[in-house]
Every structure is written in C-alpha cells, then in structure tokens.
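Colleague: One structure follows; several queries about it will come next.
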Amino acid sequence: MQELKVQPIRNGTVIDHITAGRAVAVMRILGLPRPGSTSTITAAMNVPSSRGRKDILKIEDRELDANEVNKIALIAPNATINIVREYEVSRKEHVQLPEKVSGLVKCPNPNCVTNHEPVRTQFLVVARDPVKLRCGYCDREVADVADHVA
Ligand code: CTP
Ligand code: ZN
C-alpha cells in the first residue's frame, strides 16, 4: 500500500519516478514556474517508493508536449509522464533517452561551430544515468546537462 503524501490532481501532468534529488533540475529545464502562469505546481521530494526514493512533480491544468518530455529524459531517465484528466490517469508514458540528442542542448564550448553558425546541435549519449553527452561537432563532453538545456 502506498501512502498518500500528496493530493491527487483533477487535470494536468504528474511527472513520477524522477530520480531523487532531481525535481528542482526538472523544474529548471521546463522553465517552471512560468512567470504569469496560475497553474498550481506541487513538488514532492525523497518520497519512499517500491524502488527506493523518488521525486514527483505535479503540474495542474497543463499537459507537457513531446519536446518537454524529451528534455526530462536528459536528467530523469526513469521518469514516467502521467496525463491526468478528471482525476484518472488517461495516458502514461515512460521518458526515453535516444542515442543521439538533437537541438535540445547547447554546447558549452565557446569555440564550437554550433555557437557561431545556425546549425542544430547534435550530441551522442555516452552515459545514461547520470547522462553524459558528447558534442558531434567538437567532441566536448557535457556532464552537467541540466545547466545546458537550450
Ligand atoms: N496521480 C495524481 N492524481 C490523480 C491520479 C494520479 O496525482 N488524479 C498521481 C499518482 O499519485 C502517481 C501518478 O499520478 O504518483 C501515477 O498514478 P498511477 O498510474 O495511478 O500510479 P501507479 O500505478 O503507482 O503508477 P506507476 O506504476 O507508474 O508507478
Ligand atoms: Zn560542440
């Protein structure tokens, strides 16, 4: 039996099974809270679960788009995205980190061509948890991915 630590929501998105300690980084890459938005956001951290501890984020009255889901995979590779409608989970999606990441991350190398020409960044995923990327243009490795999400 799971203890109810946080209220269920009526409509919105629940990002569940976030690696413990990463909820704040997930909020940062999603640009939450959005200035001017009235949507209620609840964060629960270090919540006990069957697989250890996890963080949870609930964003009411908003459904995340595919681009936002892909960004979450960069820092919380085990997260599930639950779309809630009228109190029911109407869709559950596991985030997926592809082998290559296009466009979502900015290269930290100031000399990289991607910072000077209008080209889409391309990174190879060289480690998954925590994620480490390698720039396809200059080979620079990026470990602190949350700080470089575009
Ligand atoms: N949830 C919520 N409000 C609702 C329905 C669900 O906040 N009205 C939350 C639950 O608390 C849980 C997540 O959404 O954190 C997923 O709900 P559910 O699929 O019912 O939970 P589980 O079956 O435990 O999901 P999983 O198997 O993915 O762990
Ligand atoms: Zn680069």
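The values are calculated or read from the model by the stated rules, or taken from the named source; none is laboratory data. All values reported here derive from a predicted model rather than from experimental measurement. Cβ: placed from backbone, ideal geometry, glycine included. Neighbour counts: every protein chain shown. All accessible areas refer to the heavy atoms of the entire protein, side chains included, with ligands and DNA or RNA removed. Shrake-Rupley method; radii C 1.70, N 1.55, O 1.52, S 1.80 Å.
Colleague: Under the rule of -39500 (n - 2.57) per DSSP H run of 4 or more residues, summed and divided by the residues of the chain, what mean residue ellipticity at 222 nm is obtained, to the nearest 500 deg cm²/dmol?
Modeller: Numbers: 2 runs with 18 residues, N = 150.
Here the helix-only value at 222 nm equals -3500 deg cm²/dmol.
Colleague: Continuing with this model, one more query. Give or take rounding to whole Å, what are the principal axis extents of the alpha carbon atoms in the range 45-88, in descending order?
Modeller: Here the Cα extents, ordered largest to smallest, are 28, 26, 14 Å.
Colleague: Let me ask you something else. Quick one: which residues, 5+ away or cross-chain, put their amide H under 5 Å from the amide H of Asn78? H built at 1.01 Å from N.
Modeller: Thr19
Colleague: Using packing as a proxy for protection, rank 17-26, 108-117, 49-58, 32-41 so that the peptide with the highest average count of other Cβ atoms within 10 Å comes first.
Modeller: Details: 17-26: 19.7, 108-117: 13.3, 49-58: 15.9, 32-41: 11.7.
Descending packing order for the listed peptides: 17-26, 49-58, 108-117, 32-41.
Colleague: Per residue, how much accessible area does the chain have with a 1.4 Å probe, in Å²? Each step should come with its number before you reach the end.
Modeller: Details: 8770 Å² over 150 residues.
In whole numbers, the chain has 58 Å² accessible per residue.
Colleague: Taking a quarter of the surface of the Cα convex hull of the chain, what do you get in nm²? List each step's numbers first, then the result.
Modeller: Numbers: hull surface 38.2 nm².
If I average the Cα hull's projected area over directions, I get 9.5 nm².
Colleague: Enumerate the amide H contacts of Thr40 below 5 Å, restricted to partners 5 or more residues apart or on another chain; note that Pro and chain-start residues carry no placed amide H.
Modeller: Glu60
Colleague: Over 18 Å between Cα atoms: which of Lys71/Lys132; Lys58/Lys132; Lys54/Lys106; Lys106/Lys132; Lys54/Lys132; Lys58/Lys92 fall into that group?
Modeller: Details: Lys71/Lys132 14 Å; Lys58/Lys132 27 Å; Lys54/Lys106 28 Å; Lys106/Lys132 13 Å; Lys54/Lys132 21 Å; Lys58/Lys92 14 Å.
In this structure, Lys58/Lys132; Lys54/Lys106; Lys54/Lys132 exceed 18 Å between Cα atoms.
Colleague: Which value does Rg/Rh take for the range 12-94 over its C-alpha atoms, Rh per Kirkwood?
Modeller: On the way: Rg = 11.9 Å, Rh = 12.7 Å.
Reported Rg/Rh, Kirkwood definition of Rh: 0.93.
Colleague: Which residues' amide hydrogens lie under 5 Å from the amide hydrogen of Thr121, considering only partners 5 or more residues apart or on another chain, with H built in the peptide plane?
Modeller: Gly103
Colleague: Just the ratio, please: alpha-carbon radius of gyration of the range 100-148 over 2.2 N^0.38 Å, N its number of residues. List each step's numbers first, then the result.
Modeller: On the way: Rg = 9.8 Å, N = 49, 2.2 N^0.38 = 9.7 Å.
After normalising by residue count via 2.2 N^0.38 Å, the value is 1.02.
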